[in-house]
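Colleague: Here it is, the structure, as structure tokens.
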Amino acid sequence: MTTKIKQIIVTGGFGFIGSHLIDRLLGQGHQVTVVDDLRSAAVAPSDYATYMATGQLVWLSMDVQYLRPIHVSCPCPDEIYHLASPVGPAGVLKHAGEIVRQIVDSTYAVIDMALRCDSRLVDVSTSEVYGGGQQGLCAEAMPRIIQADTTVRLEYAVAKLAMETALINATQVQPLQAVIVRPFNVAGPRQGAVGGFVLPRFIQQAMRGEALTVFGDGNQVRAFTHVADIVDGLLLAMEKGRSGQVYNLGNPANRTTILDLAKAVIEETGSIGGVQYVNGQSIYGSLYAEAHDKYPDAAKAMKHLGWQPVHDLHEIVADVHHAMQSTLQSEAV
Ligand code: UDP
């Protein structure tokens with residue numbers, strides 16, 4: 001069976017999740033346009049020089065809000081994946097007060113393009129919209145909770161939620177085909193420690209023989225999902241997702257406390273540095289806020305999209321460890 005070659009735009013295509021997505025799309029032979037100004041890139045555009053030389057990959061180095069006909073001429077895509085966003089519990093802090101603008105402007109730019117070009121759109125939102133869920137469990141049918149404290153994390157969550165709401169309502173009254181996904185604690189090769197993500201931080205600390213910085217008492221709950229499973233979910237959401245619907249993408253089987261994650265990292269790396277209990281604010285400053293326990297109910301994506309995450313927590317930890325080891329080795333050469 002031959003696959004139809006599609007024109008696909010991926011905003012944030014050089015980021016952590018985006019780069020894994022474009023690898024898959026390029027491997028399938030599609031024509032990919034990446035819109036990325038490299039502000040939180042996980043790969044170098046030069047890694048894709050061969051694809052760029054053949055024209056299979058086109059890179060638009062710009063802010064997504066300028067993805068409009070007055071600024072850029074670009075072929076109408078069949079599909080748009082919108083991933084570009086401020087990201088990371090520490091990474092978002094420097095954008096405080098500007099996060100809403102960035103998320104709103106960029107998402108409206110892709111909505112307008114999807115409407116003009118009759119493209120299908122997958123919008124990558126966040127599990128942060130749940131606030132704390134119900135004792136940590138987050139399902140699509142549950143209320144989205146706005147906490148009393150105004151934090152930078154809240155600015156990120158409400159901006160994503162605002163655009164989800166606009167998208168869903170737009171699908172009711174305009175010929176817009178849009179599907180929303182909410183990823184939960186994605187991890188895997190190429191994720192940087194810089195955004196504050198816990199797994200690359202722990203692995204980096206373990207590889208340096210330092211104590212792993214467990215925030216609080218380490219009993220906070222998360223469920224980690226391998227980036228390869230998330231890419232499967234994004235492709236399925238594009239292919240089978242119902243317009244105007246929201247799907248959690250997170251692996252409930254990988255539920256863990258952060259202390260147990262630290263133990264898994266120590267076991268994988270053989271680190272003798274142990275753990276130290278610290279307050280996240282002592283590392284990132286007073287704007288840093290902790291999220292509540294959270295883990296997904298993924299039944300909707302499994303049932304309606306046929307999504308089945310397959311990578312367990314130990315594979316995720318091992319994959320991130322091996323990837324960080326090979327980066328270190330290649331930097332040493
Ligand atoms: N965390 C930690 N030590 C670190 C970084 C993070 O204990 O050095 C914890 C953090 O408190 C949170 C969890 O790891 O409960 C997951 O953090 P991450 O920042 O990766 O994602 P979040 O789910 O908080 O957005």
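The values are calculated or read from the model by the stated rules, or taken from the named source; none is laboratory data. Values in this document were obtained by computation on a predicted structure and should not be read as measured data. We place every Cβ from the backbone using ideal geometry, glycine too, and count neighbours over all the protein chains shown.
Colleague: Mind checking which pairs have a first residue in region 21-36 that is part of a strand (DSSP E or B) and a second that is aliphatic (A, V, I, L, M) and at pLDDT below 95, Cβ under 8 Å, 6 or more apart or different chains?
Modeller: 35/67
Colleague: Also: Please report, ordered by residue number, the helices (runs of 4 or more DSSP H) entirely within region 231-333 with at least 3 residues that are surrounded by fewer than 18 Cβ atoms within 10 Å (Cβ to Cβ) and at pLDDT below 95.
Modeller: Fully inside region 231-333 and qualifying: 280-284, 313-332.
Colleague: Sticking with this structure for a sec: Looking at (1) assigned to a strand (DSSP E or B); (2) more than 8 Å from the ligand (Cβ to nearest atom), which is the one condition that is false for residue 222?
Modeller: So the condition that residue 222 fails would be (2).
Colleague: Condition first: in a helix (DSSP H, G or I), more than 22 Å from the chain's Cα centre (by Cα), modelled with pLDDT of 95 or more and among the hydroxyl-bearing types (Ser, Thr, Tyr). Can you find one or more residues in region 52-72 that meet it?
Modeller: Checked against the condition, which is being in a helix (DSSP H, G or I), more than 22 Å from the chain's Cα centre (by Cα), modelled with pLDDT of 95 or more and among the hydroxyl-bearing types (Ser, Thr, Tyr), region 52-72 yields at least one hit.
Colleague: Further, regarding this structure: Which of (1) part of a loop (DSSP other than H, G, I, E, B); (2) among the hydrophobic types (A, V, I, L, M, F, W, C); (3) more than 9 Å from the ligand (Cβ to nearest atom) is the odd one out, the single condition residue 228 does not satisfy?
Modeller: If we test residue 228 against (1) part of a loop (DSSP other than H, G, I, E, B); (2) among the hydrophobic types (A, V, I, L, M, F, W, C); (3) more than 9 Å from the ligand (Cβ to nearest atom), just (1) comes out false.
For every residue, the table says whether it meets (1) of a type in the set (A, V, I, L, M, F, W, C); (2) within 16 Å of the chain's Cα centre (by Cα); (3) at pLDDT below 95.
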| residue | (1), (2), (3) |
| --- | --- |
| 144 | no, no, yes |
| 151 | no, no, yes |
| 167 | yes, no, no |
| 188 | no, yes, no |
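Colleague: Residue check, residue 104 against (1) surrounded by 21 or more Cβ atoms within 10 Å (Cβ to Cβ); (2) modelled with pLDDT of 95 or more; (3) not acidic (Asp, Glu), all met but one. Which one?
Modeller: Exception for residue 104: condition (1).
Colleague: Looking at this structure, is residue 88 out of contact with any helix residue (DSSP H, G or I) (no Cβ under 8 Å at 6 or more places or on another chain) and assigned to a loop (DSSP other than H, G, I, E, B)?
Modeller: So residue 88 fits the description; yes.
Colleague: Answer yes if at least one residue in region 101-122 is over 20 Å from residue 235 (Cα atoms), hydroxyl-bearing (Ser, Thr, Tyr), over 19 Å from the mean Cα position of the chain (by Cα) and not in a helix (DSSP H, G or I), and no otherwise.
Modeller: No; the residues of region 101-122 include none that is over 20 Å from residue 235 (Cα atoms), hydroxyl-bearing (Ser, Thr, Tyr), over 19 Å from the mean Cα position of the chain (by Cα) and not in a helix (DSSP H, G or I).
Colleague: Right, something else. Taking region 168-184 only, how many residues are surrounded by 23 or more Cβ atoms within 10 Å (Cβ to Cβ) and either in a loop (DSSP other than H, G, I, E, B) or near the ligand (Cβ under 9 Å from one of its atoms) (or both)?
Modeller: Residues that pass the stated criteria total 1.
Colleague: Okay, next question. Limited to region 204-233, what total is found for residues that are under 20 Å from the mean Cα position of the chain (by Cα) and among the hydrophobic types (A, V, I, L, M, F, W, C)?
Modeller: Qualifying residue count for the region: 7.
Listed here are the residues, each with its yes/no results for (1) without any contact (Cβ under 8 Å) to a residue 12 or more places away in the chain; (2) touching a His at 6+ places or on another chain (Cβ under 6 Å).
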| position | (1), (2) |
| --- | --- |
| 102 | no, no |
| 111 | no, no |
| 116 | no, no |
| 119 | no, no |
| 122 | no, no |
| 127 | no, no |
| 132 | no, yes |
| 136 | no, no |
| 148 | yes, no |
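Colleague: Could you please let me know if residue 165 is away from the ligand (no atom under 12 Å from the Cβ), over 27 Å from residue 232 (Cβ atoms), among the polar types (S, T, N, Q) and free of Cβ contacts under 8 Å to residues at least 40 places away in the same chain?
Modeller: It is false that residue 165 is away from the ligand (no atom under 12 Å from the Cβ), over 27 Å from residue 232 (Cβ atoms), among the polar types (S, T, N, Q) and free of Cβ contacts under 8 Å to residues at least 40 places away in the same chain.
Colleague: Across region 186-212, what is the number of residues that are more than 11 Å from the ligand (Cβ to nearest atom) and either free of Cβ contacts under 8 Å to residues at least 12 places away in the same chain or of a type in the set (Lys, Arg) (or both)?
Modeller: Total meeting the criteria: 2.
Colleague: Of all residues in region 107-122 being crowded, with 24+ Cβ neighbours inside 10 Å and touching a helix residue (DSSP H, G or I) at 6+ places or on another chain (Cβ under 6 Å), which is farthest from residue 42 (Cα to Cα)?
Modeller: Checked region 107-122; the qualifying residue farthest from residue 42 (Cα to Cα) is 121.
Colleague: Residues in region 82-101 that are of a type in the set (Lys, Arg) and at pLDDT below 95: how many?
Modeller: Of the residues in that region, 1 qualify.
Colleague: Going by the structure shown, is residue 97 touching a residue at least 12 places away in the same chain (Cβ under 8 Å), within 16 Å of the ligand (Cβ to nearest atom) and small (Gly, Ala, Ser)?
Modeller: Spelling it out, it is not the case that residue 97 is touching a residue at least 12 places away in the same chain (Cβ under 8 Å), within 16 Å of the ligand (Cβ to nearest atom) and small (Gly, Ala, Ser).
Colleague: Still on this model: In region 189-203, what count of residues is obtained for those that are farther than 17 Å from residue 20 by Cα and in a helix (DSSP H, G or I)?
Modeller: So the count comes out to 5.
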